[in-house]
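Student: The structure is given below, and queries will be raised subsequently.
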Amino acid sequence: LGIDVSAPAIERAREPARTEGLRNVTFEHADAQVHRFPQERFDLAISRFGTMFFDDPVAAFANIGRALRPAGRLVMMVWQAHERNEWDVAIRQSLQAVVGPVAAACDGPDPFSLADPPTVKGILHAAGFAGVAFTDVHESVHYGPDVAAALDRIRGFTCTSEVLKRLEPADAARAVERLRVALAAHLSDDGVRFDSRAWIVTAHRHREGTQPHPRS
């Protein structure tokens, strides 16, 4: 079962499933924080850069936990701190050079809200998970085969688009040009790449009659 709050994302997921004739996969347009999952139905919950945006992460993970069988597993990938992610540093510097740090700040969902391991452990323990562990992932991220494709993608980021919309046309053009220069500096033979750091976070639903240990 795949779910997402984005209807277009769900439609994009359904298409290849139909093309490949997969009959053991279903998709629903829903919010995992409040969706009524079947209770104790699943062995594993997986998320790739999707759990950082919950309004109430404890409630969301508790809801997901109730859908897992006893000792069912949670595995998710989340970004480490923004300063450890070259792609975010480059975007911020490009925008701030034109409008300054305050004007370039994003008021939207924070993609780095689960970057701090102690914070994540506290959230997951409160939601009923135990055995929380972190694996460091240090890989480059690929933003497109060329600068134009990478710029299109980055302009589509919520924070980037919000900042650009707030600017006067001349300032927006300057900011886009600085983004273009930053992307060009990271163009390689196989496209635009930036260094990145992420966590793979694993945990399991604690067994009935036990409580997560605060140091587990």
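Student: Counting other Cβ atoms within 10 Å, keep those with at most 15, restrict to DSSP loop, and tell me which chymotrypsin sites (Phe, Trp or Tyr not before Pro) in segment 1-67 are left.
Tutor: Here the chymotrypsin sites (Phe, Trp or Tyr not before Pro) that fit, given the DSSP loop and packing criteria, are Phe49.
Student: Next question, about the same structure. Give me the extension gain from Ala126 to Arg12: residue separation times 0.36 nm, minus the current Cα-Cα distance, reported in nm with one decimal.
Tutor: Result: 37.7 nm gained on full extension.
Student: Using a 7 Å offset from the Cα along the Cα-to-Cβ direction at both Ile200 and Val5, what is the distance between the two label points in nm, to one decimal?
Tutor: 2.7 nm
Student: Tabulate in residue order the Karplus-calculated ³J(HN,Hα) for segment 178-186, using 6.51 cos²θ - 1.76 cosθ + 1.60 with θ = phi - 60°, rounded to whole Hz; enter x for Gly and Pro.
Tutor: 3J(HN,Hα) across segment 178-186, in whole Hz: 5, 4, 4, 5, 5, 5, 4, 5, 10.
Student: Something else: FRET efficiency for Ala184 and Glu20, Cβ-Cβ distance as r, R0 = 30 Å, nearest 0.05?
Tutor: Working: r = 37 Å, r/R0 = 1.22.
Rounded to the nearest 0.05, the efficiency is 0.25.
Student: Mind ranking 137-146, 72-81 by how tightly packed they are, going by the mean number of other C-beta atoms within 10 angstrom, highest first?
Tutor: By packing density, highest mean first, the sequence is 72-81, 137-146.
Student: Next up: Between Ala59, Ala126, Ala30, where does the largest GNM mean-square fluctuation fall for the chain, given springs only between Cα atoms within less than 10 Å?
Tutor: Ala30
Student: Here's something else I'd like to know. Per DSSP helix of 4 or more residues, -39500 (n - 2.57); summed, then divided by the residues of the chain. What does that give at 222 nm, rounded to the nearest 500?
Tutor: Calculated mean residue ellipticity at 222 nm is -11500 deg cm²/dmol.
Student: Which percent of the accessible heavy-atom area of the chain goes to carbon and sulfur, probe 1.4 angstrom?
Tutor: Details: 6430 of 12370 Å².
Exposed carbon and sulfur together represent 52 percent of the surface.
Student: Would you mind checking which residues have amide H under 5 Å from Asp116's amide H? H placed 1.01 Å from N; only 5 or more apart, or other chain.
Tutor: For Asp116, whose amide H was placed from the backbone, there are no distant partners under 5 Å.
Student: Further, regarding this structure: Keeping all protein chains in place, calculate the accessible area per residue for the chain (probe 1.4 angstrom), answer in Å².
Tutor: Counting only protein heavy atoms, the per-residue value for the chain is 57 Å².
Student: If you take every residue apart from Glu28 with its C-beta less than 15 Å away from the C-beta of Glu28, what net charge results, scoring Lys and Arg +1 and Asp and Glu -1?
Tutor: That sum, taken over residues with Cβ under 15 Å, equals +1.
Student: Please list, in order along segment 127-135, the HN-Hα scalar couplings obtained from phi with the Karplus expression 6.51 cos²θ - 1.76 cosθ + 1.60 (θ = phi - 60°), rounded to whole Hz, x for Gly and Pro.
Tutor: Ordered by residue, 3J(HN,Hα) equals 8, x, 9, 9, x, 6, 9, 10, 10 Hz.
Student: Say R0 is 45 Å: what FRET efficiency, to the nearest 0.05, do Ala71 and Asp171 get from their beta-carbon distance?
Tutor: Rounded to the nearest 0.05, the efficiency is 0.25.
The values are calculated or read from the model by the stated rules, or taken from the named source; none is laboratory data. Note that the structure is predicted; figures quoted are calculated from it, not measured. We place every Cβ from the backbone using ideal geometry, glycine too, and count neighbours over all the protein chains shown. For the accessible areas, the whole protein counts, side chains as well, though only heavy atoms, and no ligand, DNA or RNA atoms are used. Shrake-Rupley method; radii C 1.70, N 1.55, O 1.52, S 1.80 Å.
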